[in-house]
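These notes are about the structure you will find just below.
The values are calculated or read from the model by the stated rules, or taken from the named source; none is laboratory data. What you see is a predicted model; the values in this text were computed from it and never measured. Glycine gets a Cβ as well: all are built from the backbone with ideal geometry, and neighbour counts include every protein chain shown. SASA here: full protein model, heavy atoms, side chains in, ligands and nucleic acids out. Shrake-Rupley method; radii C 1.70, N 1.55, O 1.52, S 1.80 Å.
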Amino acid sequence: MKKVLVIEDEQSIRNVLRVTLEAHDYLIVEAVNAAEGLEKLLLEIPDIILLDLGLPDKNGIVLIQEIRQLSKLPIVVLTVQDSDSDKVEALDGGANDYITKPFSVPELLVRMRVALRHSPNAVAESKLFCGAVEMDIQAHLVKINSQLIKLSATEFNILKVLMINKGRVVTHNVLLKEVWGPNSLEHVHYLRVYLTNLRKKINIEGLEKELISTEAGVGYRLIDG
Ligand code: CA
């Protein structure tokens with residue numbers, strides 16, 4: 001049974017999370033503010049943290065950075081709509097993913113499963129798989145539904161970063177840094193151009209849905225499954 005630490009000051013949301021997650025075999029530990037969150041992190045040793053960014057005693061972004069000094073535990077941020085800069089700051093600060101309130105339960109469960117499953121060791125593997133997509137990093141080959149796809153080096157590298165983080169959102173900053181280097185952070189327009197081309201190439205006939213989703217103002221996500 002996985003233990004979830006919920007750091008959230010609104011009781012109604014904590015109640016919903018408790019009922020929902022207990023029904024799906026999670027064990028819940030609640031904290032009503034950042035101080036209690038840090039205390040319970042050390043006392044209870046959870047498997048995953050659900051963290052509200054709007055806490056009464058501390059900025060949630062600062063709390064994420066503090067947690068990251070203690071632990072690599074997956075953190076999923078609970079955020080309100082129309083706060084793209086918060087989401088980006090939270091992800092760049094070390095959160096693994098976010099979900100927007102009011103959230104759908106199936107979506108929350110998927111985000112949590114992906115965050116729990118994610119392993120940093122995936123990067124060391126030569127072959128990556130995600131739904132219809134198969135990537136051989138050493139051979140520099142991509143197949144979609146077993147059909148070989150020709151990608152430029154840059155398109156390949158973008159897809160590689162998305163594959164390594166499959167199912168999770170990758171921020172514009174992370175993509176720019178990984179693909180073009182640390183001095184390219186202002187070139188978000190590169191991404192738009194390359195993503196348009198990449199999508200055209202991988203969107204082969206017979207696919208049921210888009211493989212890459214756009215998280216407006218935040219980044220991109222390779223749909224897992
Ligand atoms: Ca709050």
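For the range 57-66, does any single residue satisfy the condition of being out of contact with any Cys (no Cβ under 8 Å at 6 or more places or on another chain) and away from the ligand (no atom under 15 Å from the Cβ)?
Among the residues of the range 57-66, at least one is out of contact with any Cys (no Cβ under 8 Å at 6 or more places or on another chain) and away from the ligand (no atom under 15 Å from the Cβ), which makes the answer yes.
Report, ordered by the first and then the second residue, all pairs with beta carbons closer than 8 Å, sequence separation of six or more or different chains, a first member in the range 73-86 that is over 19 Å from Ile13 (Cα atoms), and a second member that is at pLDDT below 85 and assigned to a loop (DSSP other than H, G, I, E, B).
Close Cβ pairs (under 8 Å, with a partner that is at pLDDT below 85 and assigned to a loop (DSSP other than H, G, I, E, B)) amount to Pro74/His118.
Anything in the range 14-52 that is over 20 Å from Ala90 (Cα atoms), within 21 Å of the chain's Cα centre (by Cα) and within 16 Å of the ligand (Cβ to nearest atom)? List them, or say none.
Correct list: Leu17 only.
So, in the range 34-79, how many residues would count as being open to solvent by 20 Å² or more (accessible area, probe 1.4 Å) and in contact with a Pro (Cβ under 9 Å, 6 or more places away or on another chain)?
4
Go through the range 152-164 and count every residue that is of a type outside the set (A, V, I, L, M, F, W, C) and touching a strand residue (DSSP E or B) at 6+ places or on another chain (Cβ under 7 Å).
The number of residues fulfilling the criteria is 1.
From the list Lys87, Lys150, Lys127, which one is of a type in the set (D, E, K, R) and within 16 Å of the chain's Cα centre (by Cα)?
The unique qualifying residue is Lys87.
Regarding Lys177, is this residue modelled with pLDDT under 90 and assigned by TED's automatic domain parsing to the domain that holds Asp86?
So Lys177 fails the test.
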